[in-house]
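Contents: one structure, followed by commentary.
Read-outs throughout are calculated quantities, based only on the coordinates presented, and are distinct from any laboratory measurement. Bear in mind the structure is a predicted one, so any value in this text is a computation, not a measurement. We place every Cβ from the backbone using ideal geometry, glycine too, and count neighbours over all the protein chains shown.
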Amino acid sequence: MDVDGKSSSKGEEEKKKSAMVVILVGAPGSGKSTFCDRVMRVSTRTWVRICQDTIGNGKAGTKTQCLTSAAAALKDGKSVFIDRCNLDREQRADFVKLGNPQVDMHAVVLDLPAKLCISRSVKREGHEGNLQGGRAAAVVNRMLQKKELPKLSEGFSRITFCQSESDVQSAIDTYSALGPQNTLPSGSFGQKNPDAKVQLGIMKFLKKVDSPVNAVSKGDSLKDSVTTDKENDSSSIGREEVKGGEDLAFCSLESTSSFDNVPTLAFPPISTADFQFDLEKASDIIVEKVLEFVTKLGNARFVLVDLSSGSKILSLVRAKAGEKNIDSGKFLTFVGDITRLYSGGRLRCNVVANAANWRLKPEGGGVNAAIFSAAGPSLETATMERAGSLAPGKAVVVPLPSTSPLFCREGVTHVIHVLGPNMNPKRPNFLNKDYKKGCEVLREAYSALFEGFASIVKSQKTFYEEPTGKLGSVQLVSPVDFKIPRKNQFSNADQKTGATNGIDNAQNEKNNGSMSKAWGAWAQSLYRIATNPEKHKNDVMEISDDIVVVNDLYPKAKRHLLVLARYEGLDRLADVRKENLQLLRTMHDVGLKWAEKYLSEDKTLIFRLGYHSAPSMRQLHLHVISQDFDSKHLKNKKHWNSFNSAFFLDSVDVMEEIDKFGQATLKDEDILSMELRCHRCRSAHPNIPRLKSHIGNCSAPFPASLLQNGRLLFATGNGTNQ
DNA sequence: GTTCTAGAAC
DNA sequence: GTTCTAGAAC
């Protein structure tokens, strides 16, 4: 195609305008080629992947060859991926020069853990760059040492940082969704602030913005929504930032305002749309209930959201809230798409309410369909794990999986499904104009919704509050309420009716039900101790608001104790997110304290603190276990390997991983059937009795990896040369 | 998580 | 014959 002529046609002008260069930045094994492949497989845009490893007739070529090919592809109006490491500024500079006012210059940084890149590089066969085997580790390490993360000032209009697999996935989604004419907002997205003193869970998701294709009009969300001074402030800041561009482009703006860290519930008006509930009555109830809970909850915000800018219910509520003098910093009304509050409106809401249907299914339209669609299929799965259906007036809290786009993009950690009364004869549970009953149910629904939100706020207390420091004062066996009180579902069946806290019982039942990963009755004992430690006075060694310490009932070593987390919903490590980091630190500190106590009593002991990748017993628990494994209860392969394979995750590593990536990498249960190896000298043994007799005698030093980073604890003066 | 036990491995 | 594992039941 000849595009050399200056007088290009209008069509070509358009085409050229939307071309872009995406420079991948990442070590070997970071997934650059996969990234390109996956985007190119589904994209409707024409992409050319320039790969230095293959550009020389299938073999490695030169940088100049890459530049020439890239320039040629751009001339053709094609978009280009530069698939080479590009780890330092100098390497990138020549490619950045390919950009011009018609060509967007982007960088996508695959900044994944070195460990992961190395293991991928080592494993891969037939890799185009032929970087395989043991050499890979050295190469990757060397390259990462001179890594220089790209900056907008190098000439990029957009940089996307990916620091976890889920970051990579959302970047792939973003680029895949780009049609031939679409552009992406400018700015730097996804880079975590390395200097942040307190790592807040919400930070993870802030700076990712989807392709604007489906974005709601920013004008609407910013202009019409504002009812409070604070909101006015933040929106005017927002508008300044976006001047000159249609899309939001917050360039690595990490807000330090405490306002952004206030737990916030976004909720749609319940029952007023399809369920045809009277707007006057509904607005009275909303204001009444908000007033009640604003007072109750203290540090939390409520946002009533409606999509249409002329929303009658919103203006009614606004007027009535004004009359009642509701603190405008705690309650606001907002016009916009409830599934895009952050990306579309700069409003951070960690909890979103869904006007659900009784089946808790995505079907129908309105808010329900929109939320299920925006959250992706994982919401449906997570919902079904909690409840199968919902009665009018009830709510169910569903933690949103971190893979959900609503989590990644909008920062939503929980969805609360709520079902209100129905005044529409064509819908189930029609109340036939019975507004006495209707108002009752609507009040109940808002109470249930706000109680659900309150329970989340409470469970994330450590996240929203300043860390309170070490657990100095240990309470000895005094009754302490569980973080989220709930009925004892195991012993008292007739309590199942009449939800005392308004939250539908279905969510409790399902926790324990027949879902894929259900906990058997035998797996509940730790959960029960964490819930009611005062009922287990004989077993409990320490209680605080956050933890309970017990001896393992079947210790697998001379000393083996468990630090239980007293948080509802944290059944195992898989449930742990960044907002629980402080809890992990507390558990670790408590574990250390006990290990030190025992070390002072017996200097031959060595301790290790860690978690099982997939525990058998419900309720997050930290094992504090001495490394003698001298116990009659250690009987089989599973016992041994659960403490002496990668299945056992050291507490120090878990905390680091949660801090960096927001979740821990868990090992599959398969590795529990691995061969039996001594944890010191790594010798293999045919069966448990032979292994046990070996470890009774083996005094070889521990493997180097265990001697690092404080994974093993020795008595002071006992050195680390064990 | 443990206990029990059939049957494989020795 | 004895030892040991692994799967089912709880």
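Computed extension gain for A:Ser378 through A:Lys63, at 0.36 nm per residue and net of the alpha carbon distance, reaches 109.2 nm. Of the GluC sites (Glu not before Pro) found in the stretch A:355-410, those that fall in a DSSP loop while having at most 13 other beta-carbon atoms within 10 Å are A:Glu363. Note on A:Ser693 and A:Ser705: the model spin-label points, each 7 Å out from Cα along the C-beta direction, lie 3.0 nm apart.
Say the cut-off is 28 Å between C-alpha atoms; which of A:Lys537/A:Lys637; A:Lys289/A:Lys660; A:Lys603/A:Lys635; A:Lys289/A:Lys433 go over it? Checking Cα-Cα distances, A:Lys537/A:Lys637; A:Lys289/A:Lys660 exceed 28 Å. With R₀ set to 22 Å, the beta-carbon distance separating A:Asp575 from A:Ile671 gives a calculated FRET efficiency near 0.55. Placing pseudo-labels 7 Å out from each Cα toward the beta carbon at A:Glu148 and A:Leu279 gives an inter-label distance of 6.0 nm. Exposure proxy shown here: for A:His679, A:His536, A:His621, the number of other Cβ atoms within 10 Å sets the order, fewest to most, as A:His536, A:His679, A:His621.
All distinct Cα pairs of the stretch A:279-383 go into the 1/r average, and the inverse of that average, the Kirkwood radius, is 14.9 Å. Suppose R0 equals 25 Å. What FRET efficiency, 1/(1 + (r/R0)^6) with r the Cβ-Cβ distance, do A:Leu553 and A:Ala614 give to the nearest 0.05? Taking R0 as 25 Å, the efficiency between A:Leu553 and A:Ala614 is 0.85.
Using a Förster distance of 51 Å, how high is the FRET efficiency between A:Asp88 and A:Met541, based on the Cβ-Cβ distance and rounded to 0.05?
0.45
Distance between the pseudo-spin-label points of A:Thr54 and A:Asp327 (7 Å out from Cα toward the beta carbon): 5.9 nm. The stretch between A:Lys433 and A:Lys78 holds 121.7 nm of extra length on full extension. This uses 0.36 nm per residue minus the Cα-Cα distance. All distinct Cα pairs of the stretch A:519-616 go into the 1/r average, and the inverse of that average, the Kirkwood radius, is 14.3 Å.
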